[in-house]
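This report refers to the structure that appears directly beneath it.
The values are calculated or read from the model by the stated rules, or taken from the named source; none is laboratory data. Bear in mind the structure is a predicted one, so any value in this text is a computation, not a measurement. FYI the Cβ positions are ideal-geometry reconstructions off the backbone, even for glycines, and counts take in every protein chain you see.
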Amino acid sequence: MDEFIRGFWVFAGSYWWLIFPIMGMAGGAAKAWERSAKRRHERRLETLRVKAELKAAQVEARGGRRLGPSVVDTTAPPVASNTLLERLFAEHDEITARWLDYELDVAKLIAFPAMSDGRQPLVAAFLRAKRTADALRPASADASVTEQQVSEYLDAVGAYAVAFEVAEKDARRLRDSTFSEPERKRLDRAQQLLKVAVDESATQAERNIAYKRVRDELDGLILLSDEAVQVLEKQVAKELPAQPAAAPDAPESHPEPERMPLRRDEAS
C-alpha cells in the first residue's frame, strides 16, 4: 500500500500539469449535462403548453359550437344535426385548405420549411389529428349518424383546428432556424430563383433553367410532394403573353420543364 501511495505521488509530481485539461473536460461535461437538462425541461414545458391549448380549445369549441338541445336531444328534428355537420364539414375543409396552401406552394415551403417536416413534433401531432378527423368524418350531412358519432367528430375537428394553429405558429417562429448557415443560403437562392421560374415576363428557356436550379438547391433540404411539383411545373410551363407570330420557317419552341428525381421520406 505504501508503495502504491509513493508511486501515485511520484506520478502526480511528474504529470501535475494534467490537472488543467482534466478540469476543462470535467467542466465541459458539466455544461453539456446542464444544457441537456435545460432542453428536456423546455420540451416538457412545451408539451404541457400544447396539451393545455388543445384542451382549452376543445372546451371552447364544445361551448361555442353546440346548438344546445338540438345536438343531444334525439327527438329534435334531423335538420339540426345536418346543419351542425355542414358547419363541421366547412371548418374541416377550411383547415385542410390552409394546410394544402403550404403543401402545394413551394414559395411558402421555402419560407416555412417546418410545415412540411413530419419529424417536427407539432407537425406530427397535426398530421395525427388530421387522420383522426378524416376517419371520423361522416360520408355526408344526410348520413345516418348517432349522437356519439357527431360528438366524436366535433371534438376531432376542434383538435384538428387547434393542432394546425399550434403547428403553423411554431413553423412561422422557426422559419429556417433549424438549418445551417450554408443551407439557409441555399434556401435564399432557391427563393430568388423561384421568382424567375414563375415570372411570365421571362423567356421559357430562362424559366426552365431557374426551375432546374430551384430543384437543385432544395434537394436534400425540403421534401416536395408530387402534387407540389406538378403545381410548380404548370406555373413554369405557363404560356407567355401573346407575342408577334414567328416566321413559318422558324417556329419558336417552348420545351416543358425537365423533371428531376426527388427523394421522399414517409412522415410518420
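I'm told residue 167 meets every condition in (1) closer than 16 Å to residue 109 by Cβ; (2) surrounded by 14 or more Cβ atoms within 10 Å (Cβ to Cβ); (3) not assigned by TED's automatic domain parsing to the domain that holds residue 127 except one. Can you identify the failing condition by its number?
(3)
Every residue, every condition in (1) basic (Lys, Arg); (2) at pLDDT 90 or above; (3) under 22 Å from the mean Cα position of the chain (by Cα); (4) more than 19 Å from residue 127 (Cα to Cα), yes or no:
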position: 153; (1), (2), (3), (4): no, yes, no, no
position: 168; (1), (2), (3), (4): no, yes, yes, no
position: 188; (1), (2), (3), (4): no, yes, yes, yes
position: 203; (1), (2), (3), (4): no, yes, no, yes
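Return the residue satisfying two criteria in turn: it lies in segment 120-141 and is in a helix (DSSP H, G or I), of a type in the set (A, V, I, L, M) and out of contact with any helix residue (DSSP H, G or I) (no Cβ under 7 Å at 6 or more places or on another chain), and of such residues it is surrounded by the most Cβ atoms within 10 Å (Cβ to Cβ). Steps first, answer last, please.
Residues of segment 120-141 that are in a helix (DSSP H, G or I), as a first pass: 121-136.
Narrowing the set further to residues that are of a type in the set (A, V, I, L, M) leaves 122-125, 127, 129, 133, 135-136.
Of the ones still in play, those that are also out of contact with any helix residue (DSSP H, G or I) (no Cβ under 7 Å at 6 or more places or on another chain) are 124, 127, 135.
On the way: 124: 16, 127: 18, 135: 10.
Filtering segment 120-141 for residues that are in a helix (DSSP H, G or I), of a type in the set (A, V, I, L, M) and out of contact with any helix residue (DSSP H, G or I) (no Cβ under 7 Å at 6 or more places or on another chain), the one surrounded by the most Cβ atoms within 10 Å (Cβ to Cβ) comes out as 127.
I want to confirm something. Restricting to segment 142-157 and keeping residues that are assigned to a loop (DSSP other than H, G, I, E, B) and of a type in the set (S, T, N, Q), which single residue is nearest to residue 82 (Cα to Cα)?
Our first condition is that a residue be assigned to a loop (DSSP other than H, G, I, E, B); within segment 142-157, this holds for 142-146.
Next, from what is left, pick out any that are of a type in the set (S, T, N, Q): 144, 146.
On the way: 144: 10, 146: 12 Å.
Residue satisfying both the conditions and the ranking: 144.
Report, by residue number, each residue of segment 81-115 that is of a type in the set (Lys, Arg) and either free of Cβ contacts under 8 Å to residues at least 24 places away in the same chain or not in a helix (DSSP H, G or I) (or both).
Step one: filter segment 81-115 for residues of a type in the set (Lys, Arg), giving 87, 98, 108.
Residues satisfying the conditions are 87, 108.
Among the residues in segment 255-263, are any modelled with pLDDT of 90 or more and either touching a Pro at 6+ places or on another chain (Cβ under 6 Å) or under 30 Å from residue 128 (Cβ atoms) (or both)?
Among the residues of segment 255-263, not one is modelled with pLDDT of 90 or more and either touching a Pro at 6+ places or on another chain (Cβ under 6 Å) or under 30 Å from residue 128 (Cβ atoms) (or both), which makes the answer no.
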